[in-house]
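Here's the structure we're looking at; comments come further down.
Only the coordinates and a few stated rules stand behind these numbers; no lab work does. For clarity, every value in this text was computed on a predicted model and none was experimentally measured. No Cβ is skipped: glycine too gets one built from the backbone with ideal geometry, and neighbour counts run over all protein chains shown.
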Amino acid sequence: MPKAKTENDIEEVKDMSEVNRVLDDENRARIIDQLTALGILEPSLLSDVDLISKLSTILEETHKKNIALEASKAIQPLNIYASKAPPDLKNKEFIERLFMLNVPDIFLEAFTDDDANIKDDGKIWEIVKHSGIYQYDNPKDNFKNKMINHERRRRQLPREYRGR
């Protein structure tokens, strides 16, 4: 038959629960509130070690999600840049190199996969320079724009309405 518990036995059990406590009451209450806000049911029933491990696993998962989100945000401009590449330029490493050199995406047409063997960055910029691609204005519109501006000047419009 089991022995009847005396007051000394009960005090020993209380003392053992104090030994198992890792957190003080204020921090335990704070962690319980955080876990309750995160949707964990009745976290007050968990021990201190379980509370800490539960909170750390939740924070670790959140941290991994945030890292993955930041990585996808960081790679997004490169993906947009690579989407503008012509079909004959398929070398992703070379496209990334052009992106890192800040070559505008309009000049991707001047490159092919054979140009990936070029080691000197200056030669890449020479290809850009001699590509014949106009980055800032469409040559077809130059004459039209000059005619429009010429007519404005001839009519002597007030300064507020002049083009330049």
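Quick check: net charge around residue 82, other residues with Cβ under 12 Å of its Cβ, Lys/Arg +1 and Asp/Glu -1? Result for the local shell: +1.
Applying 1/(1 + (r/R0)^6) with r as the Cβ-Cβ distance of residue 116 and residue 73 and R0 = 25 angstrom yields a FRET efficiency of 0.40.
Within the shell of other residues whose beta carbon sits under 13 angstrom from the beta carbon of residue 51, the net charge comes to -2, with Lys and Arg scored +1 and Asp and Glu -1. Here the 3J(HN,Hα) profile of segment 34-46, calculated from phi with Karplus coefficients 6.51, -1.76 and 1.60 at θ = phi - 60°, is 5, 5, 5, 5, 7, x, 7, 7, 6, x, 5, 7, 7 Hz, Gly and Pro shown as x. Among the listed pairs 92/123; 73/129; 64/90; 73/123; 92/119, those whose Cα-Cα separation exceeds 23 Å are 73/129; 64/90; 73/123. Local charge sum around residue 96 (other residues, Cβ-Cβ under 14 Å, Lys/Arg +1, Asp/Glu -1)? With Lys, Arg at +1 and Asp, Glu at -1, the net is -1. Exposure proxy shown here: for 22, 103, the number of other Cβ atoms within 10 Å sets the order, fewest to most, as 22, 103. Karplus-derived 3J(HN,Hα) values for segment 103-113, using 6.51 cos²θ - 1.76 cosθ + 1.60 with θ = phi - 60°, are 6, x, 5, 5, 8, 5, 5, 7, 10, 10, 5 Hz; glycine and proline are entered as x. Between residue 66 and residue 80, full extension at 0.36 nm per residue minus the direct alpha carbon distance yields a gain of 2.9 nm.
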